[in-house]
1. Just the residues that are over 23 Å from the mean Cα position of the chain (by Cα), crowded, with 21+ Cβ neighbours inside 10 Å and among the hydrophobic types (A, V, I, L, M, F, W, C), please, taken from segment 218-241.
2. Within segment 360-383, which residues are surrounded by fewer than 15 Cβ atoms within 10 Å (Cβ to Cβ) and closer than 25 Å to residue 188 by Cα?
3. Can you tell me how many residues within segment 168-191 are free of Cβ contacts under 8 Å to residues at least 60 places away in the same chain and more than 11 Å from the ligand (Cβ to nearest atom)?
4. Consider only pairs whose beta carbons are under 9 Å apart and that are at least six residues apart or on different chains; among these, list those whose first residue lies in segment 139-150 and is touching a residue at least 40 places away in the same chain (Cβ under 8 Å) and within 13 Å of the ligand (Cβ to nearest atom) and whose second residue is part of a helix (DSSP H, G or I) and among the small types (Gly, Ala, Ser).
5. Does at least one position in segment 223-231 carry a residue that is over 20 Å from residue 349 (Cβ atoms) and at pLDDT below 95?
6. Select from segment 1-53 the residues that are hydrophobic (A, V, I, L, M, F, W, C) and assigned to a helix (DSSP H, G or I) and list them in ascending order.
7. For segment 119-134, enumerate the residues that are assigned to a helix (DSSP H, G or I) and either crowded, with 20+ Cβ neighbours inside 10 Å or within 14 Å of the ligand (Cβ to nearest atom) (or both).
8. Could you tell me which numbered condition residue 199 fails, if it satisfies all but one of (1) away from the ligand (no atom under 16 Å from the Cβ); (2) over 23 Å from residue 353 (Cα atoms); (3) β-branched (Val, Ile, Thr); (4) surrounded by 15 or more Cβ atoms within 10 Å (Cβ to Cβ)?
Amino acid sequence: MRKIGIVGAGFSGAVIAHRLATHGYQVQVFDNRAHVAGNCHSERDPETGVMVHTYGPHIFHTSNEKVWRFVNEFDEFMPFVNRVKAIAKGRVYALPINLLTINQFFGKTFSPDEARRFIELIGDQSILEPCTFEEQALRFVGRDLYEAFFKGYTKKQWGLEPSKLTANILKRLPVRFNYDDNYYNSTFQGMPKHGYTFIVEKLLDHSNIRLQLNVKFDRTLAAGFDHIFYSGPIDGWFDYGEGRLGYRTLDFEASRHDGDYQGNAVINYCDVDVPWTRISEHKHFAPWEQHERTLIFKEYSRFCGENDVPYYPIRLADEKSLLARYVDLARREHNISFVGRLGTYRYLDMHITIQEALETADRFFVAQQRGEPMPAFVVEPLQ
Ligand code: UDP
C-alpha cells in the first residue's frame with residue numbers, strides 16, 4: 001500500500017502527510033480552500049505589514065515535549081505568553097481568574113490562602129458533581145465572578161444559556177490563587193516567527209507530497225488511493241445523510257488604526273450587551289516586530305450555516321447522538337481514517353491536533369507492518 005490520499009491541509013493532514021512522505025509513501029493532499037493551514041492560516045496584511053491570524057487568534061502552547069520539539073523543527077518559536085484582559089461592567093481585569101482578579105473584583109488585599117478560603121466560601125458547595133457549565137462555575141468561583149466573567153461571554157460565544165452547556169468547556173480555564181496571569185498552564189508556549197502557514201508549507205514541502213488546492217474531495221476521487229486520511233467534516237463524508245452536526249462560526253470585523261489600539265493581543269468583552277466576544281490586535285501576537293499601524297479583529301460568534309466556516313463543535317446531547325450515528329457509519333467504511341477537529345467533531349487545540357496526527361501516522365506504520373487494517377478512528381471521538 002503506497003498511495004495515500006489526505007483530505008485537508010490543516011495541521012492534521014499536513015503532519016500525517018509529512019510523516020508518511022518521509023517514510024516513502026506517495027501522498028496526495030487535497031484542500032477545498034485556496035490556502036493551506038486550515039483555520040490556523042496566517043498571512044501578512046499588505047496595508048499594515050502585520051501577520052494576521054485570518055481565522056482568529058491561535059496561540060501555540062503544549063506540555064508535550066515531543067510536540068514542542070516537532071513544531072520547532074519547522075520554525076523558530078518566539079517568546080509569547082498569552083495574557084488576556086477582560087472588560088466586565090466598565091472595568092478591566094486579568095484573566096484567567098487569578099489573585100489580582102479576585103482582589104480587584106472584591107476590593108480586597110487577600111493572600112493566596114485567604115483568597116482560596118474566600119472563594120471556597122462563596123462557591124456553591126451544595127453542587128457536589130457539577131455537570132453543566134453553570135454548575136461548574138457556581139461551584140468553583142461563585143455567582144458574582146460567574147456572572148461578571150462567564151455568563152455573558154458564554155452566552156455570546158455558544159448562543160446558549162450556560163445551564164445548557166457541559167462543564168468541560170469551562171474546565172479549559174484555570175482559577176489561580178497567585179498572580180500568575182498566563183492564560184495557559186502549558187510548559188511550552190510561543191509564536192512561530194513566520195506564522196502557522198509557513199510551518200504547514202514546510203511540512204508539505206516534500207518530493208513525495210503533491211498538494212492540490214481548491215479541490216472538493218469526494219468518493220469518486222477516493223477510488224485512486226490505498227488509504228484516505230480525512231480531516232474534513234465527518235457528516236460531510238456521508239453527504240449529511242443523518243443530518244448536520246452543529247458548529248459555531250465566527251465573523252471578524254477588521255479595522256486598521258494608527259499606533260496601538262488596545263495595548264494587548266486579546267481583550268475579552270464579558271458583558272452580554274456588547275455584541276462582540278473579544279478584540280484581537282494581531283501585531284501584539286508578534287511582540288518582536290515593529291509596526292506603526294495596527295489591525296484589529298472584533299470577533300462575533302453565531303450558529304454555523306451550510307456555507308459558513310465551521311469553528312467550534314457544539315457537542316450537546318443531540319449532537320452527540322447524531323455523531324454516534326456517523327461514527328457507526330464511519331466504522332463500516334474501508335480504507336479511510338477520520339482525523340482532526342472536523343473529522344472527529346471535537347474542540348481541539350493545535351497541540352492536541354498535532355499530537356494525535358503524529359500518533360495516527362505511527363499507528364498506520366504499525367498496521368502496515370503487521371498487515372492489519374487501519375482503524376477508522378485512532379482516537380475515540382465519542383469520549
Ligand atoms: N469563557 C468565558 N469568559 C471569558 C473567556 C472564556 O466565559 O472571558 C468561557 C467561554 O464559554 C469559552 C470557554 O470559556 O468558550 C473557553 O474559553 P477559551 O478562551 O479557551 O476559548 P477559545 O480561545 O478556544 O475560544
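1. Matches in segment 218-241: 228 only.
2. Within segment 360-383, just 362 meets the criteria.
3. The number of residues fulfilling the criteria is 0.
4. Correct list of pairs: 145/137; 149/137; 150/137.
5. yes
6. 11, 14, 15, 16, 17, 20, 21, 40 - these are the residues of segment 1-53 that are hydrophobic (A, V, I, L, M, F, W, C) and assigned to a helix (DSSP H, G or I).
7. 133, 134
8. Single failed check for residue 199: (2).
The values are calculated or read from the model by the stated rules, or taken from the named source; none is laboratory data. Because the structure is a prediction, the values reported are computed rather than measured. Counting neighbours? That spans all protein chains shown, and the Cβs are built from the backbone with ideal geometry, glycine included.
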